[in-house]
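**Q** Right, I'll just put the structure down here and ask away after.
The values are calculated or read from the model by the stated rules, or taken from the named source; none is laboratory data. Keep in mind that this is a model prediction, so the values were computed, not measured. In this analysis, Cβ positions are derived from the backbone assuming ideal geometry, glycine residues included, and neighbour counts consider all displayed protein chains.
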């Protein structure tokens, strides 16, 4: 028995990646959930909005690097993030004005808006590929690790190392900041309160003089900022590829629905639930178990419950289970 | 203009487009487009059944198409005797253990109540999972070890490949039944996410379960329902007939096989179209549309909405499965890595919306027209980009971007078409009557 080493191995391979991935999903799911709460449709273009924001940030990063500006030990992309957010805000406001507004004025059924968002998804997908191509792009620079596995080993004298990647730490820190600002905005400011009122009861909100156009505009701006941040954090942690971002749609929706669509706290909880289940179920537990089990009982195989390619299956299975037993999600979401 | 005249005109436009492609780019290309267009039309027919008739929002088309492709392998490839001997039975036993676990868990759910229920269900699931993995993994390892470079899977049944088409439909229908049972009670956008997820899982299974259809190693050289070009070229009678038409044997043989496929596909399409038209105009079809337009009212009239939804979900998915089996037969290979949701799910949706949801002829027209466009956008886009870039100096980066960008024109064009049709003609080219 060697609980300490087991714990460190667990932290290194499960907890740190899970925390970072969960934070990325949570910020993505917040965007989906806000659109659902205020505009009342499932936005299929969200993954591609993330991809667009990230592509813009990558371009700005390259420009900054070209004129010799870096962010010291931190990734330069963080400096470029405001530019990416700005461009994405312009894009989504433009799309809203060109496309979604028409259907909103018509009071179209939500499912029509979903199909419209499929069209937007196609267009954005094409635009992103046009701008930046289809290749895998790594754009993280600066220090790669806060603590490397080797430093940790020499520091503590344990067999197992705990590596903390800079991008993982940044993801968690940024996520905390973003969520804090968002909740402060929704709960304390006048605009945030009117957004919540609009989400709870549209007619009542309109009666009390809330300007729906303003609410919708602010929602799109926040969603663009969230989507870009989530996309950049994911890209820093892993890498950027247009197609991968499109595929992120599934875990993000799963997170939003598991938490309860339309409920921001639910989106965050859902993000972590999905991330940790994906990581724990596809992780090969042998490394942890060898420290916990007596030698005679050591497992032969990898003790991997499912191969990593089935991670979609995991998020999906959780989604189905939650929907079957608690249809409005873990935290009470809306149902239309 | 009266509707039937307009429809004839629309189909004539389609014909002219294909003829034009044949004259400009050669008949081989045109026939290739026609064949895939016919398959796309069948997929669109399936989605139209679900969305146009019943308002079910299924975006898991890709999964059912892939299951149809799997059926082609399972039916037409010769069985690998050695692999069956090595671990075939054990794989089957493992699968039975897995199915038994799920059945037992469902039984426990129904039989017990309260806290005991949770414990018993969880216990059954965990124990069952480990038994299943123990039996199944050993069998899979044995099967995959048999000549992994050439086979490494169980093979199929060695039956005629045409039989795979209905079987593909059945396989897709079976999957649709399971999905429908769990997910159809959900609201529309939950169903959408659920089907999207199922499709990804089906592709993941096809990619990873090498014992089933070799995974990403692909199954190639599937038997064909029409003659091989090489055999035709070696057949003196065929060469003579080709010569009498003024064609060289190579061209004649490629055209001959493509027309052969085309005729087979057309027969299937016409049968399905006839059935779909009959269904649409029957009391059953009217009931479906009544349910779509007002579920509460239909329920009040004593219609079993859930059962009807399940029924039409299965039927539509089966049609997608048939189309998938046909497509794999046409390709002659099963390549799980090429299934992408944009191409196999969302493109079919563009076909249905553009053609006119709720109208079978619209689905067929949309399927063929959008497929033509999907193929032609790249050459057309490249031409356009070359014109745009002609003023720019050779080697400038903008020029390169523009010309490289032509490859990504497809998605952009499809999205724009979908948005434009939804905005200006939301009922599609041939609207529902």
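**Q** Could you list all residues from segment B:156-171 that are crowded, with 22+ Cβ neighbours inside 10 Å and either more than 25 Å from residue B:80 (Cβ to Cβ) or touching a strand residue (DSSP E or B) at 6+ places or on another chain (Cβ under 9 Å) (or both)?
**A** B:156, B:169
Conditions (1) within 14 Å of chain B (Cβ to nearest Cβ); (2) buried (at least 24 other Cβ atoms within 10 Å of the Cβ); (3) without any contact (Cβ under 8 Å) to a residue 40 or more places away in the chain, marked per residue:
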position	(1), (2), (3)
A:206	no, no, yes
A:210	no, no, yes
A:221	no, no, no
A:227	no, yes, no
A:244	yes, no, yes
A:260	yes, yes, no
A:278	yes, yes, no
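**Q** Let me ask something additional. Can you confirm whether residue B:428 is crowded, with 20+ Cβ neighbours inside 10 Å, within 13 Å of chain A (Cβ to nearest Cβ), part of a loop (DSSP other than H, G, I, E, B) and modelled with pLDDT of 75 or more?
**A** So residue B:428 passes the test.
**Q** Scan segment A:134-155 and report the pairs whose first residue is within 14 Å of chain B (Cβ to nearest Cβ) and whose second residue is in a loop (DSSP other than H, G, I, E, B), with Cβ atoms within less than 8 Å and a gap of 6+ or a chain change.
**A** Close Cβ pairs (under 8 Å, with a partner that is in a loop (DSSP other than H, G, I, E, B)) amount to A:134/A:241; A:135/A:241.
**Q** Here's another thing I want to ask about it. Only helices (runs of 4 or more DSSP H) wholly contained in segment A:220-336 count here; list those with 2 or more residues that are over 30 Å from residue A:101 (Cα atoms).
**A** Output list reads A:264-282, A:286-292, A:311-325.
**Q** Looking only at segment A:188-196, decide whether some residue is part of a helix (DSSP H, G or I), in contact (Cβ under 8 Å) with a residue 60 or more places away in the chain, over 18 Å from residue A:40 (Cα atoms) and away from chain B (no Cβ under 14 Å).
**A** Among the residues of segment A:188-196, not one is part of a helix (DSSP H, G or I), in contact (Cβ under 8 Å) with a residue 60 or more places away in the chain, over 18 Å from residue A:40 (Cα atoms) and away from chain B (no Cβ under 14 Å), which makes the answer no.
**Q** Oh, and also: Tell me whether segment B:231-239 contains one or more residues that are buried (at least 16 other Cβ atoms within 10 Å of the Cβ) and in contact (Cβ under 8 Å) with a residue 24 or more places away in the chain.
**A** Scanning segment B:231-239, I find at least one residue that is buried (at least 16 other Cβ atoms within 10 Å of the Cβ) and in contact (Cβ under 8 Å) with a residue 24 or more places away in the chain, so the answer is yes.
**Q** Residue B:377 - would you say it is surrounded by 24 or more Cβ atoms within 10 Å (Cβ to Cβ), closer than 30 Å to residue B:218 by Cβ, at pLDDT 85 or above and within 14 Å of chain A (Cβ to nearest Cβ)?
**A** no
**Q** Let me ask something else about it. Considering only segment B:79-115, state which residues are out of contact with any strand residue (DSSP E or B) (no Cβ under 6 Å at 6 or more places or on another chain) and outside any helix (DSSP H, G or I).
**A** B:112, B:113
**Q** Residue A:65 is checked against (1) in a helix (DSSP H, G or I); (2) within 22 Å of residue A:28 (Cβ to Cβ); (3) more than 14 Å from chain B (Cβ to nearest Cβ) and fails just one. What number does that condition carry?
**A** (2)
**Q** Filter segment B:406-425 for residues that are free of Cβ contacts under 8 Å to residues at least 24 places away in the same chain and in a helix (DSSP H, G or I); which is surrounded by the fewest Cβ atoms within 10 Å (Cβ to Cβ)?
**A** Applying the filter and picking the extreme gives B:424.
**Q** Give segment A:91-103 a look and list any residue that's more than 10 Å from chain B (Cβ to nearest Cβ) and surrounded by 17 or more Cβ atoms within 10 Å (Cβ to Cβ), or say none.
**A** The answer is A:91, A:92, A:96, A:100.
**Q** Given the structure, is residue A:179 under 19 Å from residue A:51 (Cβ atoms), more than 9 Å from chain B (Cβ to nearest Cβ) and assigned to a helix (DSSP H, G or I)?
**A** no
**Q** Right, another one. In segment A:122-133, which residues are under 26 Å from residue A:41 (Cα atoms) and facing another protein chain (nearest Cβ under 7 Å)?
**A** Of everything in segment A:122-133, those that are under 26 Å from residue A:41 (Cα atoms) and facing another protein chain (nearest Cβ under 7 Å) turn out to be A:122, A:123, A:125, A:126, A:127, A:129.
**Q** Can you tell me which condition residue A:59 does not meet? The list is (1) farther than 28 Å from residue A:257 by Cβ; (2) buried (at least 16 other Cβ atoms within 10 Å of the Cβ); (3) touching a residue at least 12 places away in the same chain (Cβ under 8 Å); (4) more than 14 Å from chain B (Cβ to nearest Cβ), and all the others hold.
**A** Just one mismatch for residue A:59, condition (4).
**Q** For segment A:283-302, does any single residue satisfy the condition of being more than 12 Å from chain B (Cβ to nearest Cβ) and within 20 Å of residue A:25 (Cβ to Cβ)?
**A** There is at least one residue in segment A:283-302 that is more than 12 Å from chain B (Cβ to nearest Cβ) and within 20 Å of residue A:25 (Cβ to Cβ).
**Q** Turning to a different aspect of this structure: Checking the condition closer than 30 Å to residue B:349 by Cα, assigned to a helix (DSSP H, G or I), modelled with pLDDT of 90 or more and within 14 Å of another protein chain (Cβ to nearest Cβ), which residue from A:38, A:112, A:27 passes?
**A** The match here is A:112.
**Q** If residue A:33 satisfies every condition in (1) away from chain B (no Cβ under 14 Å); (2) closer than 20 Å to residue A:224 by Cβ; (3) crowded, with 19+ Cβ neighbours inside 10 Å but one, which is the exception?
**A** (1)
**Q** Confirm whether residue B:388 is surrounded by fewer than 24 Cβ atoms within 10 Å (Cβ to Cβ) and more than 14 Å from the chain's Cα centre (by Cα).
**A** Yes.
**Q** Please state which one of A:47, A:119 is within 14 Å of chain B (Cβ to nearest Cβ), under 19 Å from the mean Cα position of the chain (by Cα), modelled with pLDDT of 90 or more and part of a helix (DSSP H, G or I).
**A** After ruling out the rest, the residue left standing is A:47.
**Q** Then there's this: Among B:45, B:67, which is the only one that is buried (at least 23 other Cβ atoms within 10 Å of the Cβ), farther than 22 Å from residue B:375 by Cα, in contact with a helix residue (DSSP H, G or I) (Cβ under 9 Å, 6 or more places away or on another chain) and modelled with pLDDT of 95 or more?
**A** B:67
**Q** Additional query: Quick one: residue B:208 ticks every box in (1) without any contact (Cβ under 8 Å) to a residue 40 or more places away in the chain; (2) more than 18 Å from residue B:336 (Cα to Cα); (3) within 21 Å of the chain's Cα centre (by Cα) except a single one, so which number is it?
**A** Against the list (1) without any contact (Cβ under 8 Å) to a residue 40 or more places away in the chain; (2) more than 18 Å from residue B:336 (Cα to Cα); (3) within 21 Å of the chain's Cα centre (by Cα), residue B:208 comes up short only on (2).
**Q** Pick out, from segment B:140-244, the helices (runs of 4 or more DSSP H) lying fully within it that include 2 or more residues that are within 14 Å of chain A (Cβ to nearest Cβ) and over 15 Å from residue B:70 (Cα atoms).
**A** B:164-183, B:188-208
**Q** Ok, one more. Only one of B:278, B:303 is more than 30 Å from residue B:245 (Cα to Cα) and not in a helix (DSSP H, G or I); which?
**A** Answer to the selection: B:303.
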